[in-house]
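To keep things clear, I will list the structure first and then write my remarks on it.
The values are calculated or read from the model by the stated rules, or taken from the named source; none is laboratory data. Bear in mind the structure is a predicted one, so any value in this text is a computation, not a measurement. With ideal geometry, Cβ positions are generated from the backbone for all residues, glycine too; neighbour counts draw on all protein chains shown.
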Amino acid sequence: MLGLTVHRKKSFEETIADTTEALKKEGFGVLTTIDVKQTLKEKIGVDFKRYTILGACNPSFAHRALQTADEIGMLLPCNVVVTEEKNGEIKVSIFDPMTMTKLVQNSELESIAKEVQEKLVRVIHHLHE
């Protein structure tokens, strides 16, 4: 699996707000917000489910990771995906930073990824209802 996931019964908007707040409590800011549904409609005229990508970043961890492996920037920021499922539930999926340690073999990076993972697991736990 690529990520950490939680399903919620709250609204899409509440989930984005709650996710942003939970990330903030763990030292992450949201640098980018991509409304995939809107973008696909505008660019290619297709309808798609509600799907938003939040580009989350913890500057301290990003700096440490970049000092360890310059190419890690291709995997930053940590993407958080909020989607509306067919059953009406809202799914939040957060990229598991331990996945990048499979791509870049570096023990220092693995240590950083583990610390970030612990914070993101707390975000997921916060979002459980």
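With the checklist (1) loosely packed, with under 15 Cβ neighbours inside 10 Å; (2) among the aliphatic types (A, V, I, L, M); (3) farther than 22 Å from Thr5 by Cβ in hand, flag the one item Leu109 doesn't pass.
The number of the failed condition is (1).
Just to check your reading of the model, which residue among Gly45, Gly27 is out of contact with any strand residue (DSSP E or B) (no Cβ under 7 Å at 6 or more places or on another chain), over 25 Å from Lys114 (Cα atoms) and of a type outside the set (D, E, K, R)? Before you say what the answer is, go through the steps one by one.
Numbers: Gly27 fails: over 25 Å from Lys114 (Cα atoms).
After ruling out the rest, the residue left standing is Gly45.
How many residues are charged (D, E, K, R) and either within 13 Å of the chain's Cα centre (by Cα) or part of a helix (DSSP H, G or I) (or both) when one looks only at the stretch 46-76? Please lay out each step first, then the result.
Residues of the stretch 46-76 that are charged (D, E, K, R), as a first pass: 47, 49-50, 64, 70-71.
Restricting the remaining residues to those that are either within 13 Å of the chain's Cα centre (by Cα) or part of a helix (DSSP H, G or I) (or both) gives 64, 70-71.
Matching residues across the stretch 46-76 total 3.
Do any residues in the stretch 50-66 that are of a type in the set (D, E, K, R) have Cβ atoms under 7 Å from those of residues that are part of a strand (DSSP E or B), where the two are at least six apart or on different chains, and which pairs are they?
Arg50/Thr83; Arg50/Glu84
Out of everything in the stretch 90-105 that is more than 29 Å from Lys49 (Cβ to Cβ) and surrounded by 16 or more Cβ atoms within 10 Å (Cβ to Cβ), what residue ends up being nearest to the chain's Cα centre (by Cα)?
Restricting to residues being more than 29 Å from Lys49 (Cβ to Cβ) and surrounded by 16 or more Cβ atoms within 10 Å (Cβ to Cβ), the top hit is Thr101.
Looking at the stretch 19-31 only, could you name the residues that are more than 13 Å from the chain's Cα centre (by Cα) and surrounded by 15 or more Cβ atoms within 10 Å (Cβ to Cβ)?
Passing the criteria: none in range.
Being surrounded by 19 or more Cβ atoms within 10 Å (Cβ to Cβ), at pLDDT 90 or above, under 15 Å from Glu26 (Cα atoms) and of a type outside the set (S, T, N, Q): is that true of Ala65 here?
Judged against the criteria, Ala65 is not a match.
Residue under question is Glu118, and the condition is that it be more than 15 Å from the chain's Cα centre (by Cα), outside any strand (DSSP E or B) and either over 16 Å from Thr19 (Cα atoms) or acidic (Asp, Glu) (or both); does it hold?
When the stated conditions are applied, Glu118 does not pass them.
When the residues of the stretch 68-89 are narrowed to those that are among the small types (Gly, Ala, Ser) and closer than 19 Å to Thr101 by Cβ, which ends up surrounded by the fewest Cβ atoms within 10 Å (Cβ to Cβ)?
Checked the stretch 68-89; the qualifying residue surrounded by the fewest Cβ atoms within 10 Å (Cβ to Cβ) is Gly73.
Quick check on Ala62: is it of a type in the set (Gly, Ala, Ser), under 20 Å from Gln117 (Cα atoms) and out of contact with any Phe, Trp or Tyr (no Cβ under 8 Å at 6 or more places or on another chain)?
yes
Can you name every residue in the stretch 80-99 that is in contact with an Asp or Glu (Cβ under 9 Å, 6 or more places away or on another chain) and among the hydrophobic types (A, V, I, L, M, F, W, C)?
Within the stretch 80-99, Ile90, Val92, Met98 qualify.
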